[in-house]
Amino acid sequence: MSVNVVQTDLPDVLILEPKVFGDARGFFLESWNARVFREATGCDNAFVQDNHSRSRRHVLRGMHYQLVRPQGKLVRVVAGEVFDVAVDLRRSSPSFGRWTGVRLDASGHRQLWVPPGFGHGFLVLSETADLLYKTTEYWYPEHDRALAWNDPDLAIDWPLLGATPQLAAKDAVAPRLRDAQFYD
């Protein structure tokens with residue numbers, strides 16, 4: 001796996017661009033290689049769970065995080081397009097409360113590394129979108145938390161273009177950052 005690493009506005013959140021080999025038959029890419037990931041990111045986390053999410057246009061999932069046993073996520077879109085967002089929830093971090101967003105789509109093959117200690121969410125921009133993401137920790141519902149997607153203190157610039165996002169019940173009532181639990 002050959003990968004190009006692109007920095008985002010948040011130093012620990014990285015875009016990974018794998019080498020894609022294409023010809024008239026289609027393409028091939030190596031989507032995961034532990035050694036290359038470790039060398040490219042400096043992260044030596046073991047992934048323990050793979051998730052697959054399918055959502056329709058204007059579905060906004062997030063901002064989610066796991067307070068105890070925080071999850072790092074390696075996110076990629078295999079169908080459609082999303083606007084993917086990470087928010088730094090580590091109180092001791094110089095970028096605490098800041099966010100970064102990136103468009104991910106199936107044709108670009110880019111992946112987003114969201115380390116433990118960050119909230120994560122996405123908005124579906126295409127008719128439907130399928131996301132695959134690896135996590136560094138198992139999901140524990142009792143530790144699952146959400147942050148208000150529209151918190152004015154975060155001021156995430158979601159590309160809604162006048163649409164109303166479709167939210168899960170927990171996301172519709174999620175607290176603002178100032179009222180949320182976060183990491184030390």
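So here's what we get for this one:
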{"quantity": "Segments 81-93, 111-123 sorted - mean Cβ within 10 Å per residue, highest first", "calculated": "111-123, 81-93"}
{"quantity": "Gaussian network model of the chain, Cα within-10 Å springs - most flexible of L160, L14, L147", "calculated": "L160"}
{"quantity": "Gaussian network model of the chain, springs between alpha carbon atoms under 10 Å - residue of L16, L167, L60 with greatest fluctuation", "calculated": "L167"}
{"quantity": "Relative contact order (%) - the chain, alpha-carbon pairs under 8 angstrom, separation at least six", "calculated": "28 percent"}
{"quantity": "Span from the region 10-26 Cα centroid across to the region 50-104 one, whole angstrom", "calculated": "18 Å"}
{"quantity": "Max mean-square fluctuation residue, GNM over the chain, Cα-Cα springs under 10 Å, options A106, A79, A155", "calculated": "A155"}
{"quantity": "For the chain, alpha-carbon Rg over 2.2 N^0.38 Å", "calculated": "1.00"}
{"quantity": "Percent of beta bridges antiparallel (DSSP, the chain, rounded to nearest 5)", "calculated": "95 percent"}
{"quantity": "Cα-based reach from K19 at 24 Å (exclusive), listing lysines while leaving out same-chain residues under 8 positions away", "calculated": "K73, K134"}
{"quantity": "Charge context of A168, other residues only, Cβ under 15 angstrom, K/R +1, D/E -1", "calculated": "+3"}
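Where a number appears in this text, it was derived from the coordinates with a stated rule and is not lab data. Just so it is clear, the structure is predicted and the values come from calculations on it, not from any experiment. Because the Cβ atoms are built from the backbone with ideal geometry, glycine has one as well, and the counts that use them run over all protein chains shown.
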